Amino acid sequence: MNRKEIRGFQSETKQILNIMINSLYSNKEIFLRELISNASDAIDKLKFLMLSKPELYKYNNNFCIMISFNKQDRSIIIDDNGIGMSYNEVINNLGTIAKSGTKEFIKLKEFENKLNSNLIGYFGVGFYSSFIVANKVVVHTKSFNDVSGVLWESDGKDKYTIDYLDKPNHGTKVILYLKDSEEEFLDYWKLKNIINKYSDHIQLPIKLQYCDNKNNNVWKQVNQAKAIWTRNKIDIKDSEYIEFYKHITGDHNDPLHWQHSFIEGKQEYTMLLYIPSKFTYNPWHNEQKNGLKLYVKRIFIMDNVNNFLPNYLRFVRGIIDSNDLPLNVSREILQENKIIDKIKSSITKKVLIMLEKLAKNNEDKYKIFWKQFGLILKEGIAEDFKNKKLLSNLLRFSHTNSDNQNDYISLDMYVNCMKQEQDKIYYIIASSYNSAKYSPHIEILKKNNIIVLLLFDTVDEWMMNYINDFNGKKFHLSSKEDDLINKYANAENRIHITDPVESSNNFIYRIKNYLGDKVTDVKFTKKLVTSPVALVNENNGITTQMAKLLKNTGQSIPKIKYILLINYKHNIINKMSCIKEDDKFNQWVELLFSQALLMESNYLDNPGIFIKIINQLII
């Protein structure tokens, strides 16, 4: 059969090839890592098919990756007996780049002077790293489904050639014809060191050909070919754990922490779980693939399994290897299997304990974790009642005892710092750090050296509905009155002579009359210190932050009912009390109400009016 074609590369493919050839010269050896990884994936796919199609065992079950080199024609050959590719698959996989990550890869390169070599696996363009060292690449491949093989050939410039090929066995052979400058890779020890450095954890035998003392070509296995999680932890170096993490995730950053455990009992399984140092995907995208890799008795079953961990731990990566699940397990079975529920419960607790130990033993690393994943972990307070105590210990907050937003405090630390007369944990919720830090509702507490937790994440209002206390100490929203706030407010005002404004019903009436239904009430307060006014919600009314949360989820929002609080000791209020002209008085009311609304919600329906009034009052 002859169907020889000369095709042009897709435009994005040409960009990728250009990036590979010109940007990764400082770490050329990664081409071998990528090609071995591709070969391993191809064999895993065929082994997985064998689970449901035992007849495939007739082809081969002695899977391995064979690597050889030839100094005469300056070639390196990477050969696997995996699933192989059909004619159309070769076009789709090697002639074009259909992966959605490609354009992101190209965009990233546009903003980086030097491309990190670890990124290429993450974006799925690893095959093209061959052209870092080769001026021609030839691929012989045959799908396990096809009679004929396929030949693909390119010099990595504009075009490639594709044709049918007589190939007896399924699998893929990649032949690299090296550039004149790349002789160093035509060496047994050089190739062996690269394999040991990047691919020692590959579960398949990697055999490297060499010439013995009698000038015979001999194949020797050069990797351990043993799943890293099946080995004794004592024998595994940190560098091996890190390289395995990068292999399974495509993340170019080192993991922050990991845990490797073998669990015995009613359910037997091994877990190797990692806490990344950064997100490797969009955690808010529902269609984004995440989760763990599932193995059953060391046989790879499926990727992106999210049944073993709750949604609030979706940042955790790694593998689970079960001895109890059936080999023909499907995603549907996983959803209904009681064994999964028990494993999930156990793993969840182990991850939370792992994080608790990280927080205790390495504060700096835990701070990195919290900045990256704290927002997601907060979801667990509402979702996981069983582990609420553990989760509460892991929470971190910005607070009024520091001017640094990232100087966090735990609830345990807060309780230990409480003043003798204090019996509650005070917090404020706002739409930003600065809005919380300078909220008028916490002025009286700050003045009396009471630490206030500053909450400003989208989920905080929702979270606080599910956490009432910590170690017997109730949480209290600082905008609401309580005995200690009233005590401080009354003590503050005893040093003043009663101000005539305080008893002026006419003053309150004039404000109410102007604002109308914008507020439900106007009251004097003693708890404001430096601010002239503030807005509070009615006791049973919806809060500002909850309204924002509902709006973001597309739900209808009831009208927020505000009460305007007046600091009758403030100079502006005393000045207003002397204004007889209604228009001028109302301008000041509008100004102060808008100011209070801006502090409360970070938003004004018509900022133009606010600016206009400021300008008028300045004149």
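Does at least one position in the stretch 450-466 carry a residue that is without any contact (Cβ under 8 Å) to a residue 24 or more places away in the chain and either crowded, with 17+ Cβ neighbours inside 10 Å or in a helix (DSSP H, G or I) (or both)? No.
Does residue 378 satisfy being surrounded by fewer than 21 Cβ atoms within 10 Å (Cβ to Cβ) and either free of Cβ contacts under 8 Å to residues at least 24 places away in the same chain or among the basic types (Lys, Arg) (or both)? Judged against the criteria, residue 378 is not a match. Filtered by the rule that a residue be of a type in the set (D, E, K, R) and out of contact with any strand residue (DSSP E or B) (no Cβ under 7 Å at 6 or more places or on another chain), the stretch 578-619 gives 580, 581, 582, 583, 584, 590, 605, 612. Determine whether residue 157 is part of a strand (DSSP E or B), touching a residue at least 60 places away in the same chain (Cβ under 8 Å) and open to solvent by 40 Å² or more (accessible area, probe 1.4 Å). So residue 157 fails the test. The condition (being modelled with pLDDT under 85, among the polar types (S, T, N, Q), surrounded by fewer than 18 Cβ atoms within 10 Å (Cβ to Cβ) and in contact with a strand residue (DSSP E or B) (Cβ under 8 Å, 6 or more places away or on another chain)) is satisfied by just one residue among 2, 18, 22: 2. Look at the stretch 136-148: where a residue is farther than 15 Å from residue 39 by Cβ and assigned to a strand (DSSP E or B) and a partner is open to solvent by 30 Å² or more (accessible area, probe 1.4 Å) and not basic (Lys, Arg), sitting 6+ places away or on another chain with Cβ atoms under 8 Å, you get 136/153; 136/155; 136/177; 138/151; 138/153; 138/177. Looking across the stretch 551-577 at every residue that is assigned to a loop (DSSP other than H, G, I, E, B) and touching a strand residue (DSSP E or B) at 6+ places or on another chain (Cβ under 7 Å), the one that is nearest to residue 527 (Cα to Cα) is identified as 568. Where helices (runs of 4 or more DSSP H) fall wholly inside the stretch 325-400, the ranges with 2 or more residues that are within 30 Å of residue 51 (Cα to Cα) are 331-336, 338-361. Considering the conditions (1) modelled with pLDDT under 85; (2) open to solvent by 20 Å² or more (accessible area, probe 1.4 Å); (3) in a loop (DSSP other than H, G, I, E, B), residue 278 is excluded by exactly one of them, (1). For the stretch 541-600, the set of residues classified as among the polar types (S, T, N, Q), over 34 Å from the mean Cα position of the chain (by Cα) and open to solvent by 50 Å² or more (accessible area, probe 1.4 Å) consists of 571, 595, listed by residue number. Can we say residue 474 is surrounded by fewer than 19 Cβ atoms within 10 Å (Cβ to Cβ) and either more than 30 Å from residue 372 (Cβ to Cβ) or touching a strand residue (DSSP E or B) at 6+ places or on another chain (Cβ under 9 Å) (or both)? Yes; evaluated as a whole, the condition is true for this residue. Among the residues of the stretch 519-534, those identified as buried (at least 23 other Cβ atoms within 10 Å of the Cβ) and either outside any loop (DSSP other than H, G, I, E, B) or among the hydroxyl-bearing types (Ser, Thr, Tyr) (or both) are 533, 534. Tell me the residue from 105, 131, 69 that is open to solvent by less than 60 Å² (accessible area, probe 1.4 Å), modelled with pLDDT under 50 and either of a type in the set (D, E, K, R) or closer than 20 Å to residue 31 by Cβ (or both), please. Only one candidate qualifies: 105.
Of the residues making up the stretch 341-362, those that are crowded, with 16+ Cβ neighbours inside 10 Å and farther than 18 Å from residue 264 by Cβ number 7.
Please verify whether residue 321 is among the acidic types (Asp, Glu), at pLDDT 85 or above, within 30 Å of residue 50 (Cβ to Cβ) and buried (at least 17 other Cβ atoms within 10 Å of the Cβ), treating the condition exactly as stated. So residue 321 passes the test.
The values are calculated or read from the model by the stated rules, or taken from the named source; none is laboratory data. All values derive from a computational prediction rather than experimental measurement. As a convention, Cβ positions derive from the backbone with ideal geometry for all residues, glycine included, and neighbour counts pool all protein chains shown. To get the accessible areas, we keep the full protein, side chains included, count just its heavy atoms, and leave off ligands, DNA and RNA. Shrake-Rupley method; radii C 1.70, N 1.55, O 1.52, S 1.80 Å.
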